[in-house]
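What follows is a single structure, written as structure tokens, with notes after it.
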Number of protein chains: 2
Amino acid sequence: MKLISENKSFGGMHRRYQHEADTTQCTMTFAVYLPRAALAGAKVPVLYWLSGLTCTDENFMQKAGAQRVAAELGIAIVCPDTSPRGENVAVDPEGSWALGLGAGYYLNATQEPWAANYQMFDYVSRELPDLVEAKLPVTKVRSISGHSMGGHGALIVAMKNPGRYRSLSAFAPICHPSAQSLGAASWGRRAFAALLGPDETKWHAYDAVALIKNLSERLPILIDQGSSDDALERLMPQALIAAANACGHPITLNMREGYDHAYYFVASFIEGHLRYHAKALLS
Amino acid sequence: MKLISENKSFGGMHRRYQHEADTTQCTMTFAVYLPRAALAGAKVPVLYWLSGLTCTDENFMQKAGAQRVAAELGIAIVCPDTSPRGENVAVDPEGSWALGLGAGYYLNATQEPWAANYQMFDYVSRELPDLVEAKLPVTKVRSISGHSMGGHGALIVAMKNPGRYRSLSAFAPICHPSAQSLGAASWGRRAFAALLGPDETKWHAYDAVALIKNLSERLPILIDQGSSDDALERLMPQALIAAANACGHPITLNMREGYDHAYYFVASFIEGHLRYHAKALLS
């Protein structure tokens, strides 16, 4: 694990690291914010943040304004990249931003050429936390959140790892990426077909609306969604609300009037999410 | 003046506009944050923010986390671009980021090919405020701040416009761009020679250390500077402190232990500056 940069921020440190990942078979970059207490010898709990399509580890750290509140609360934030990267990693032959680099969907691909590197589910669920917990001053007390494709990631990673996260939230998550009703307008259908093959029943293993029915843990879900988000129809939060209600899964959707899909929206409401997670992480 | 984008942010609006500027003879882009009160019919005072080398109107708005506090305080923030732009605008033949596009130094160039467009002093001092005050719900009550080259800009624009700003601050400003002692290591000397010609006495008209001696207004200066800023020797805050002390100009330098030159530093201390400006703007 190699430190590639660090910046002091609100009394703590924002750091970027690179390491050779077994799951994704490439050099992965991630960012971490460590509050002052973690630099002074204490171990602190971690909020894992998963970013959206086209992002890297940098977008959230630069644009969300989360460090101020994380510093106050004494929690670390870990931001992985959104896909494997590097010369040997498959890219979308059509050059779309919705498949390939920056678009790993936090799942384990089964189809070539993707399967060799696109094992993001295992990377963010296991390999990265194992590394971070071994090398940095953090505890195994974890929460998870994310934005858009990363909101989808947070939902499925928490749902498929019962007992592993203290709390779960998402901003404008892709809730139902396999939805047939949207056809090609869906983020996900073309990518899921490429990464997981044509059998759509396999896609349900990475679709929050499909997963929520059969969970052994009913970890509450907190979602913030902008009402003026151009992507609202494709994100389908109402489908997740309906599915959650049908099986008694606790869920809160804050519909934010006039907000869109940008980081200006995330920044406006990140403080509430951080305090929500801190309550679970520090209890 | 054409609206090119808007995002709701902390109950207010972040907007980007383009307009044809007389001073710089090109299409200029700027950003504005309007707090809720300004959208509800009130006029609010403005903090003008000048950004650093390589920046556009976007860096501060995306990275500083200023909107949260501006929303609370009820002040607008206006961020101009850092240079003229466009096909006909001169660029540095050597391709350096320290001259040409993104590097206007907030001065009026006198030498060709720069003089045709690089009239940033007049643009940020007069043309942009005149436009903003005519078209947006803001008052003529102004403060000014900036980062790095934009800190230099804030210093010289306020010093050369007595009575026009209620308060002045800067993050890691270039304090003495014409300093001979630094030779080519200085930001500014090569650019000032290009933009203003070889007569160094002309450079003093845009150098805070040179200007401070002969001011009719002694507007206090607030500076935050990171102690681990790689650029510290070239920024020369101590030269400004010495010059200010020599002529009795009120100045405060907060040396921030371990902070560097990045926006992580600006974000860490922007709240204090915003509250400082609001006190002057709202009194």
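The table for this structure:
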quantity	calculated
Leading residue by the ranking (nearest to the other protein chains (Cβ to nearest Cβ)) among those in region A:219-243 that are of a type in the set (Gly, Ala, Ser) and out of contact with any Gly (no Cβ under 9 Å at 6 or more places or on another chain)	A:Ala231
Positions within region A:244-277 being assigned to a helix (DSSP H, G or I) and either buried (at least 21 other Cβ atoms within 10 Å of the Cβ) or on the phi > 0 side of the Ramachandran plot (or both), in sequence order	A:Ala244, A:Tyr263, A:Tyr264, A:Phe265, A:Val266, A:Ala267, A:Ser268, A:Ile270, A:His273, A:Leu274, A:His277
Contacts under 6 angstrom Cβ, first residue in region B:137-148 being in a strand (DSSP E or B), partner at pLDDT 95 or above and of a type in the set (Asp, Glu), 6 or more apart	B:Lys140/B:Glu133
Selected residue [closer than 18 Å to B:Tyr259 by Cβ and crowded, with 24+ Cβ neighbours inside 10 Å] from A:Leu34, A:Leu50, A:Leu3	A:Leu34
Residues of region B:18-62 satisfying the condition of being at pLDDT 95 or above and at positive phi	B:Gln25, B:Thr54
The listed residue being among the aromatic types (Phe, Trp, Tyr) and over 13 Å from the mean Cα position of the chain (by Cα), out of A:Tyr106, A:Tyr123, A:Tyr118	A:Tyr118
Residue count, region A:1-58 (criterion: touching a residue at least 60 places away in the same chain (Cβ under 8 Å), more than 14 Å from chain B (Cβ to nearest Cβ) and touching a strand residue (DSSP E or B) at 6+ places or on another chain (Cβ under 7 Å))	19
Residue match in region B:148-158 (condition: buried (at least 17 other Cβ atoms within 10 Å of the Cβ), closer than 23 Å to B:Gln119 by Cβ and out of contact with any strand residue (DSSP E or B) (no Cβ under 8 Å at 6 or more places or on another chain))	yes
Scan of region B:195-231 for residues that are part of a loop (DSSP other than H, G, I, E, B), among the acidic types (Asp, Glu) and in contact (Cβ under 8 Å) with a residue 12 or more places away in the chain, ordered by number	B:Asp207, B:Glu217, B:Asp229, B:Asp230
Subset of region B:61-91 that is more than 14 Å from chain A (Cβ to nearest Cβ) and without any contact (Cβ under 8 Å) to a residue 40 or more places away in the chain - its residue that is surrounded by the fewest Cβ atoms within 10 Å (Cβ to Cβ)	B:Glu87
Conditions (1) part of a helix (DSSP H, G or I); (2) out of contact with any Pro (no Cβ under 9 Å at 6 or more places or on another chain): number failed by A:Phe192	(2)
Tally, over region B:195-219, of residues that are crowded, with 20+ Cβ neighbours inside 10 Å and either farther than 16 Å from B:Ala243 by Cβ or of a type in the set (Lys, Arg) (or both)	2
Helices (runs of 4 or more DSSP H) within region A:26-74 that include 1 or more residues of a type in the set (Phe, Trp, Tyr)	A:58-63
Region A:169-183 - residue that is surrounded by fewer than 24 Cβ atoms within 10 Å (Cβ to Cβ) and of a type in the set (A, V, I, L, M) and, of those, modelled with the lowest pLDDT	A:Leu182
Inter-residue pairs, beta-carbon under 9 Å, first more than 13 Å from chain A (Cβ to nearest Cβ) and in region B:244-273, second buried (at least 19 other Cβ atoms within 10 Å of the Cβ) and part of a loop (DSSP other than H, G, I, E, B), 6+ apart	B:His249/B:Leu219; B:Pro250/B:Leu219; B:His273/B:Ala66
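The values are calculated or read from the model by the stated rules, or taken from the named source; none is laboratory data. This structure is a prediction, so every number in the text was calculated from the model and none was measured. Every residue, glycine as well, gets a Cβ built from its backbone with ideal geometry; the counts of neighbours run over all protein chains shown.
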